[in-house]
Each structure stands twice: as structure tokens, then as C-alpha cells.
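Below is one structure; the comments refer to it alone.
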Protein chains: 2
Amino acid sequence: MSKRSPSPKSERILDVAEELFALHGYDGVTLRQIATGAGVDVALANYHFGKKLDLFRAVFDRRSVELNQSRLQALRQFQAEAGPQGPSVEQIIEAFTRPLEIAQRDGDSGWANYLALVAYINNSPYWGPKMMTKLFDKLVLEFIEALRTALPDAREEDIFWCYQNLSGSLTLALARTGRIDKLSGGTCRSSDLGAAFDRMIPFTAAGFRAVCQKGARTGTTRKKRSR
Amino acid sequence: MSKRSPSPKSERILDVAEELFALHGYDGVTLRQIATGAGVDVALANYHFGKKLDLFRAVFDRRSVELNQSRLQALRQFQAEAGPQGPSVEQIIEAFTRPLEIAQRDGDSGWANYLALVAYINNSPYWGPKMMTKLFDKLVLEFIEALRTALPDAREEDIFWCYQNLSGSLTLALARTGRIDKLSGGTCRSSDLGAAFDRMIPFTAAGFRAVCQKGARTGTTRKKRSR
DNA sequence: TTGCATATTCAACGCTTGTTGAATATGCTG
DNA sequence: CAGCATATTCAACAAGCGTTGAATATGCAA
């Protein structure tokens with residue numbers, strides 16, 4: 001009703017753009033590459049989405065609502081099951097990450113490309129501040145609030161720095177660079193988000209506790225001897 | 001002797017290229033932008049470095065040896081001071097990360113741009129596998145070997161997955177996207193690598209222990225209930 | 001000063017880029 | 001069928017791209 005149903009060719013454009021932007025970044029992809037990959041004329045992308053930048057935004061927007069709804073729902077589920085002290089750190093991180101794995105595993109094949117695109121944007125000093133805030137800040141602050149409840153003695157700045165560690169681990173996993181495959185001699189496959197999350201969740205949960213739990217950090221700012 | 005000393009203008013080209021590549025990526029920068037920023041003619045980059053891709057490689061190469069020497073030296077120092085069981089996980093991660101902060105703080109101002117460029121390349125599915133291996137794998141495997149010694153009960157795949165978590169946290173910190181500044185309302189500044197590392201080191205050390213220490217993980221692969 | 005290697009600029013090339021306006025195809029409504 | 005909105009292609013544009021060969025400047029050796 002409110003939005004006309006998209007033509008199949010415009011969806012193909014989004015799919016191909018998603019794949020290419022995730023691999024080569026915004027400037028590394030031409031509209032002609034996208035059009036060729038989608039089997040359409042180069043002018044069609046302009047017709048449906050306007051300028052190249054608008055197409056980039058459309059790709060980034062497309063799956064964000066569904067993605068963040070599933071994460072928020074997972075968090076709400078844990079909160080409903082938990083007592084008044086709220087869900088555990090593990091549960092919060094599980095709700096933050098597992099829906100991404102599930103989308104990649106059960107959703108259409110474009111999800112893997114989309115998650116790699118999010119990784120590209122999140123790690124970019126140019127695009128990150130310009131595009132992440134609008135679509136992801138509200139959700140992230142919701143999770144940080146939950147972490148505050150689970151770690152009541154945490155200092156404000158420690159919570160955010162720990163979140164950045166979590167975000168970094170997640171970002172590199174979503175980028176699926178294949179580097180861990182090489183380093184490990186094939187033992188690990190970066191396409192296996194499930195295996196990555198099986199370690200990432202206990203890893204980062206222990207990290208949060210070590211930095212944010214009562215008595216974890218002494219003194220004022222630095223804790224290690226400088227020499 | 002073996003290499004002629006570089007002209008001051010060729011260094012300026014490298015400096016400007018470093019800054020722009022770190023911010024916009026390989027395809028987001030033109031040789032004309034670099035030349036203009038360096039105050040030279042566009043043909044000079046070709047004269048000194050060959051093709052655009054060769055210039056990109058030259059920028060990436062320039063500081064890598066010095067960087068990794070300082071990290072390896074820090075590791076060797078801890079190893080010399082430690083008993084036969086080797087340095088602690090914290091010390092290993094400290095040696096892996098602190099030299100980057102020190103380079104940015106005490107070295108010339110281009111170091112911050114260089115580290116952001118490393119973050120860009122490491123997080124890129126296109127450039128990562130193509131460029132990281134040659135310059136960084138040897139060093140990384142040395143650190144992983146040290147971690148194996150510090151965590152003798154760790155499974156092989158767990159060590160590598162945990163390393164990826166560390167690498168991801170480090171990568172996002174080096175990218176200095178400014179996102180944590182916004183999220184935290186100004187409490188954290190992503191340009192402050194020291195503050196980031198003060199949390200990253202205990203955070204990731206606890207993560208390694210939680211996943212890789214004896215008795216940390218039970219059963220075969222998954223540890224959490226699926227529902 | 002002359003000579004020569006290195007460094008730098010100049011001018012231009014062929015090609016690709018994003019974008020546009022007009023032309024055509026498609027599919028639904030009457 | 002006619003009419004019309006939407007979808008798609010066609011052809012072309014001006015601008016910018018990386019790269020090159022020739023021309024000029026620079027700095028040191030004889």
C-alpha cells in the first residue's frame with residue numbers, strides 16, 4: 001500500500017550492489033559493474049534509486065530494520081525470562097550477535113554480503129560516523145543499558161570501551177576476510193559465523209567482567225606498571 | 001648505499017597518500033588528489049613509485065618493518081624476563097598492542113594514518129588476504145606460538161578464534177572511526193589509543209583465558225544450550 | 001663551466017565515470 | 001482495442017581518471 005512492490009530487476013540491482021560494495025567498498029564499484037552483474041542497463045539504477053550514493057544508502061537500509069528487530073526481540077526474550085537483575089552478560093551478547101548468524105544461515109544468500117557491508121561501513125573512518133548512527137545507535141544504546149544493569153559497578157567509560165572491543169570482534173568476523181583461514185592453516189573458516197560466535201560470546205563476556213566487574217580495576221585510570 | 005635516500009617530495013607523496021588512503025580507501029583516492037595535497041605534479045607519483053597500486057603498496061610497506069620490530073622486541077623482552085613457562089597472556093597482548101600506541105604518540109604524525117590504513121586493509125575482504133600475509137603473518141604466528149605456551153591446554157582452533165577477536169578489537173581501535181565518541185556522548189575519544197588499550201589488554205586477556213584455559217570449555221564444540 | 005644523472009613539470013592520450021533526456025517496451029485499466 | 005503509468009533501454013554528454021613521453025629544472029662530478 002504505502003510502498004509499491006519493487007520490481008524484480010530493482011531487487012537484482014540491490015543484490016548485486018550489496019555484493020560488490022561489500023567486497024570493494026563504495027568507490028571500488030561502478031554503476032556499470034552493478035548493471036552488468038544484474039543484467040540491466042546502466043541507467044536503470046538511476047531510475048530506481050537516484051544517484052549512486054542513494055543506491056548505496058538504499059542497500060544499507062534495506063535489511064537494517066529486520067536485522068535489528070530480531071536482535072531486540074532476542075534481548076527482550078532474555079529480559080522476560082530473567083529476574084529483576086536482568087539477563088546475564090552472556091545472554092546480552094548472545095542476543096546481540098546470534099541473530100546475525102541465524103540470518104546468514106537461514107535467510108537468503110544476500111545476508112552474508114549485507115553483514116560484510118556493515119563491517120565495511122562500521123570500520124570506515126569516512127562512512128562509519130556518517131551512516132552507522134542513524135540506523136544502529138538506538139539499538140546499541142539499548143544493549144549498553146542492559147549491560148549497565150548486568151554490571152552495576154561498571155564505570156561509564158569502561159562500558160563503552162568494552163563495547164568497542166565487542167564491536168571490533170564482531171566487525172572483523174562479519175567482514176569474512178578469510179585471513180583466519182590462512183593463519184590457522186585451514187583449521188578455522190571465516191565463513192563459519194557459528195564457530196566464530198561460539199568463541200566470541202564467552203570471550204567478550206569474560207572481557208566485560210574482567211574490566212567492569214567490582215574490584216576488577218583498581219586505582220584511577222591506569223592499572224599496569226609503566227615499566 | 002643499497003637504497004638511494006628518498007627525495008623530500010617523494011616522502012610528501014607517501015605522507016599524503018597514507019592519509020588519504022586511510023580515510024577513503026584505495027579506490028576513493030585519485031593520484032591528482034594526492035599530488036595536489038603534496039604540492040607536486042600528478043606525474044611525479046608515477047615517476048617515483050610506478051603505478052597507483054605500487055604507490056599503495058609502498059605506503060603500506062614503509063612503516064611495517066619498524067612497527068613489527070618494535071612489537072617483536074617487546075615480546076622478546078617479556079620472554080627474557082619470564083621463567084620457562086613464558087610470559088603471561090597479558091604481557092603477550094601488551095607486547096602486541098602497546099608499541100602501536102607508542103608509535104602514534106612519540107613518532108611522526110603519519111603513524112596514526114598508517115595504523116588506520118592497516119585497519120582498512122585488515123578489515124577488507126579484498127585487500128586483507130592480498131596484502132596482510134606477506135608483511136604480518138610471520139609476526140602474528142610468533143605471538144600465537146607465545147599464546148600457545150601461555151595457554152598449554154588450549155585447543156588449536158580456539159587459539160585462532162580468540163586471536164581473531166583480539167585482531168578485531170585492535171583493528172576497530174586503529175581505524176579511529178569516532179563512533180565511540182558519539183555513542184558515549186564524548187566520554188570516550190577514539191583518538192586516545194592509550195585509553196583503548198588500557199581496557200583492551202585486560203579485556204582480551206580474560207577472553208583468552210575464558211575460552212582457552214583448562215576446564216573453560218566442556219564437551220565437543222558448542223557449549224550453550226540451543227534454546 | 002660543461003656534462004650528466006636525477007628530479008620535476010608540462011601537455012596530452014585514450015578510456016571510464018556518473019548522469020541525463022529521449023525513445024521504446026511492458027503491463028494494467030477502461 | 002486504446003490509453004496510460006511504469007519500467008527499461010538507448011545514445012550521448014562533460015568531467016575526471018591513470019598513465020605516458022617529451023621538455024625542463026636541479027644538483028653534483030669532472
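The values are calculated or read from the model by the stated rules, or taken from the named source; none is laboratory data. Bear in mind that the values here come from a model prediction, so they are computed numbers and not experimental data. So basically every Cβ, Gly included, is an ideal-geometry build from the backbone, and we count neighbours across all protein chains shown.
Determine which member of the set A:A116, A:A154, A:A146 is at pLDDT 95 or above and at the interface with chain B (Cβ under 7 Å from one of its Cβ atoms). Can you show your working first?
On the way: A:A154 fails: at the interface with chain B (Cβ under 7 Å from one of its Cβ atoms); A:A146 fails: at the interface with chain B (Cβ under 7 Å from one of its Cβ atoms).
Answer to the selection: A:A116.
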Please verify whether B:S184 is of a type in the set (S, T, N, Q), touching a helix residue (DSSP H, G or I) at 6+ places or on another chain (Cβ under 6 Å) and within 18 Å of A:S124 (Cβ to Cβ), treating the condition exactly as stated. no
Within the stretch B:171-189, take every residue that is surrounded by fewer than 24 Cβ atoms within 10 Å (Cβ to Cβ) and more than 7 Å from chain A (Cβ to nearest Cβ) and give me the one that is nearest to the chain's Cα centre (by Cα). B:R189
Consider only pairs whose beta carbons are under 9 Å apart and that are at least six residues apart or on different chains; among these, list those whose first residue lies in the stretch A:28-44 and is within 24 Å of B:H24 (Cβ to Cβ) and without any contact (Cβ under 8 Å) to a residue 40 or more places away in the chain and whose second residue is aromatic (F, W, Y) and within 12 Å of DNA strand D (Cβ to nearest atom). A:G28/B:Y26
Return the residue satisfying two criteria in turn: it lies in the stretch B:19-44 and is within 13 Å of chain A (Cβ to nearest Cβ) and either in a helix (DSSP H, G or I) or in contact with a strand residue (DSSP E or B) (Cβ under 9 Å, 6 or more places away or on another chain) (or both), and of such residues it is farthest from DNA strand C (Cβ to nearest atom). B:A22
Which residues, counting only those in the stretch A:82-93, are crowded, with 21+ Cβ neighbours inside 10 Å and not in a loop (DSSP other than H, G, I, E, B)? A:V89, A:Q91, A:I92, A:I93
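Across the stretch A:126-143, which residue is surrounded by the most Cβ atoms within 10 Å (Cβ to Cβ) among those that are within 9 Å of chain B (Cβ to nearest Cβ) and either β-branched (V, I, T) or more than 20 Å from A:T97 (Cα to Cα) (or both)? It would help to see each step written out before you state the result.
Of all residues in the stretch A:126-143, those within 9 Å of chain B (Cβ to nearest Cβ) come to A:126-129, A:132-133, A:137, A:140-141.
Adding the requirement that they be either β-branched (V, I, T) or more than 20 Å from A:T97 (Cα to Cα) (or both) leaves A:126-127, A:129, A:133, A:140.
Values: A:Y126: 18, A:W127: 21, A:P129: 15, A:T133: 14, A:V140: 18.
This residue is A:W127.
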Would you be able to tell me the number of residues in the stretch A:39-57 that are in contact with a Lys or Arg (Cβ under 9 Å, 6 or more places away or on another chain) and more than 9 Å from DNA strand D (Cβ to nearest atom)? 1
So B:F21 ticks every box in (1) within 16 Å of the chain's Cα centre (by Cα); (2) away from DNA strand D (no atom under 12 Å from the Cβ); (3) touching a residue at least 12 places away in the same chain (Cβ under 8 Å) but one. Which box is left unticked? (2)
Among residues belonging to the stretch B:49-61 that are more than 14 Å from chain A (Cβ to nearest Cβ) and crowded, with 18+ Cβ neighbours inside 10 Å, point out the one that is nearest to DNA strand C (Cβ to nearest atom). B:F49
I'm told B:L67 meets every condition in (1) in contact with an Asp or Glu (Cβ under 9 Å, 6 or more places away or on another chain); (2) of a type outside the set (S, T, N, Q); (3) in the same structural domain as B:F96 (by TED's automatic domain parsing) except one. Can you identify the failing condition by its number? (1)
Kindly list the number of the only condition in (1) within 22 Å of B:D198 (Cβ to Cβ); (2) crowded, with 21+ Cβ neighbours inside 10 Å that fails for A:P152. (2)
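Looking at the structure I just gave you, is B:A74 among the hydrophobic types (A, V, I, L, M, F, W, C) and either farther than 22 Å from B:G25 by Cα or in contact with a strand residue (DSSP E or B) (Cβ under 7 Å, 6 or more places away or on another chain) (or both)? Spell out how you get there, then give the answer.
Details: among the hydrophobic types (A, V, I, L, M, F, W, C): yes; either farther than 22 Å from B:G25 by Cα or in contact with a strand residue (DSSP E or B) (Cβ under 7 Å, 6 or more places away or on another chain) (or both): yes.
So B:A74 passes the test.
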